[in-house]
1. Counting only protein heavy atoms and rolling a 1.4 Å probe, how much accessible area do B and A lose on contact, total for both sides, in Å² to 100?
2. Can you give the FRET efficiency to the nearest 0.05 for residue B:343 and residue B:452, using r as the Cβ-Cβ distance and R₀ = 22 Å?
3. Per residue, what accessible area does segment B:172-302 have, given a 1.4 Å probe and all protein chains present, in Å²?
4. Determine how large the accessible area of residue B:10 is when every protein chain is in place; take a 1.4 Å probe and give Å² rounded to the nearest 10.
5. Count, for each residue of A:62-73, the Cβ atoms from other chains sitting within 10 Å of its Cβ, then give me the mean as a whole number.
6. Out of residues 5 or more away from residue A:41 or on other chains, whose amide H comes under 5 Å of its own, with H placed 1.01 Å from N in the peptide plane?
7. Please work out the ratio of the alpha-carbon Rg of segment B:233-319 to 2.2 N^0.38 Å and round it to two decimals.
8. Quick query: amide H of residue B:131 versus all other amide H atoms, modeled in the peptide plane; which residues come in under 5 Å with a sequence gap of 5 or more or a different chain?
Amino acid sequence: MMDTAYQRLQEADGLAAVLDAAYAAFEGMVSVIHPVQDPASGLFTAFVMAAAAAADGRNALALAPSLPGHPLLTVPAEQQPWSGESPERVAKAVAGLSSLVAERLAPAAASAPDASDREACRHAARSARDICGLLSAGP
Amino acid sequence: MTARPAFGDFLTAARSHVGAAVAGHQADRSGEHVQEVSDSLQHVIIVMSRYLQDIAPVPASMPPHDSPPLTAWGHARLTARDALGHATRHLRQHTWRTRAPRVAARSELARQLDAAALALTAGRDLLHTHLASDPRGARQFRSEWGLVVCSPPAERALLAELAWLARQIAAPCADVALANRSADAADARRGLRAASGWLQALSGSVQAAHRAYPVSAADRDLLLAIPVNAPLPRPLLDGSEPVTALYDAAIVSAERARHAAWVTGSQPAWSPHLTADSLRHVAATSTVTSHHCEILLRSLADRIAGARTTGLSTSLLQGADAAGRARDGWLRLARALNQVDTDTMRHLAPAAGESGDLALCTGRLAYADPAWTLSSGPGHQPRPPQDLAPHPGDIPLALAAAHHACDALTSQAYAQREQIRTTASAGRLLVPTRSLPDTMDVPRPFASALPDHVYALLRQCQHTAEAAAEASAQAGEAAAAIEAPSRVLTAARAAARAVHDASPNPQRPAEPELAATGQFREDAGALQAALRRLGVSNPNLLTRAADIDRASEQLIIEAAGRDHQPAPGHEYEFPEAEH
């Protein structure tokens, strides 16, 4: 699931496609983080804060006027679950994906024709950077 | 501990001045200063009368025919009020000369009485920082301590203190009256003697009530602990603090978070601070804080292991378990809130910042890393138990920090519930529509959350609050056992709950905008809104409608806190958000 989201984001062309892929990426992050929020894990705090930031980012993008009304690509059912992965692997994958989200949204935040698109991208990119920081940092 | 003035500071000062007056009144045995002493005694009695005016025998909203029979303390209140009224009349009747303001008395007794009156006045002012009145004169609260100020335990303790002061003052004043032989001062002498007698009557009445239903040490501690309602400075940590400074930081941040929760829990539906971003942030940081509380309570249980403290250890471990359940509750709530939004976005309310600070301060205590932050990432080791409380004398303070945090988490969970209810009732709680199936073609990015969704959120808040309250209660038991300074929190919660439960129409928090305009709130409940749509503007009718709306709201909340499932396809409106 994370791999697909990563690939879609890499290949997205045009504002609508980038917004669509970034939205799906945030949704994917929320859904893969929730199952690994284990208090016994050293990543617990990071995952709790990262999930909230992912929801913030997704909701910010939902207000972008150029976001398509429906997902451009439906994730096949067999790819949806991403369970059984270790927290460390999830953290690494989400950190990488969020880094790419921030990277792809940055140009849109600067140059999208619509001010609301720019604002949504700025906010979502900040959330993505926060997630990356939370899940990449070490002690 | 936090350096916030408390009522006890002023009461202690008044006691000290009265003690000095008693010790030094021999100098006035000539009766030379009978006029001055009468004048000063009047100052004390006036401020005592004002304290008694503040204590209502029954809640203001209770109709007279519903008044319960007077208890011993109710009788003592009325007798005390009468006694002070008589004493004032006698002094006024016979006092023909008053000292100009700011002119110090020559008599030591009069000077000490003046100082006691001043301390009592300042103490009353402190209590009033928690209270306000709405345009109809009904009592409202400015802080979470308002309910405590008006609670029976605090009022009984206050009466007992006033009675003690009255008894101490009466004897030297009567001595001065008896010693004076001057014909010029005969009236003043008579007034002073009579007033002293009424002070004795006051004291006797309260002593009788105390014999029937004694004021406990906990009641008195609660009264003395009431702090001034003033913002505490935000704790700023640079990582170099010793662990003892972190106790204070955690306590201050908990007090700030508790107050912020109290304020945000009573916001009107249109408030820009009611945002999903804030709700999410509070839920996420409170999950983390609960986790820290569990770590801290387990660590303290380890710290005291070996000493003969089985009961204490049990309380701490049960508190840790409850904190763990509260964490799980917060986590479920945070996950649910990750699926919603509000119409106002990208705004964090002050309460969210306070909640983050509490997570930071408790984290600095819980982890060995002195620079730990919420964004520090993975892999941080808990602070060893010996480092959490290096000296045995530190254990009560470390426990107080965890106890305050648990208590603040309880307030935050209830505040979340109120905010969710308020936003939902105004149709402001939204869910993203984009992820819905194509068959549901909603032309907007968000739609109102369905009642079942709101109901689930409310229930989750209730369960989380109950788990946090249990953690706080267990920490409170441990605090009481080792006399930790936070033990007063348990009494404060119980007192506030008693006032809330006893009132048929629970007093609402003060709302500056309401007081300023005298208008009814925009987010009226269903019945009040219906009356307004019918063009009804009669304030009495609107007030009655608001009362019914509040009762409905209370019923829904109580139902939401139990395990009743809504009927399939049910629909209900969420009424006006107040408590």
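The values are calculated or read from the model by the stated rules, or taken from the named source; none is laboratory data. These numbers come from a predicted model, not from an experiment. Here the Cβ is made from the backbone with ideal geometry for all residues, glycine too, and neighbour counts use every protein chain on show. Surface areas here come from the heavy atoms of the whole protein model, side chains and all, with no ligands, DNA or RNA. Shrake-Rupley method; radii C 1.70, N 1.55, O 1.52, S 1.80 Å.
1. Values: alone 25950 and 7150 Å², together 30160 Å².
So the buried area, both faces added, is about 2900 Å².
2. Numbers: r = 20 Å, r/R0 = 0.93.
My answer for the efficiency is 0.60.
3. Values: 4790 Å² over 131 residues.
For segment B:172-302, the solvent-accessible area averages 37 Å² per residue.
4. Solvent-accessible area, nearest 10 Å²: 60 Å².
5. Details: counts 10, 6, 1, 1, 0, 2, 1, 8, 7, 3, 0, 0.
Across the residues of A:62-73, the mean count of other-chain Cβ atoms within 10 Å is 3.
6. Amide H to amide H, under 5 Å and 5 or more residues apart or across chains, residue A:41 pairs with nothing.
7. Details: Rg = 17.1 Å, N = 87, 2.2 N^0.38 = 12.0 Å.
Normalised by 2.2 N^0.38 Å, the Cα Rg of segment B:233-319 equals 1.42.
8. Sorted by chain and number, the residues that satisfy this are B:142.
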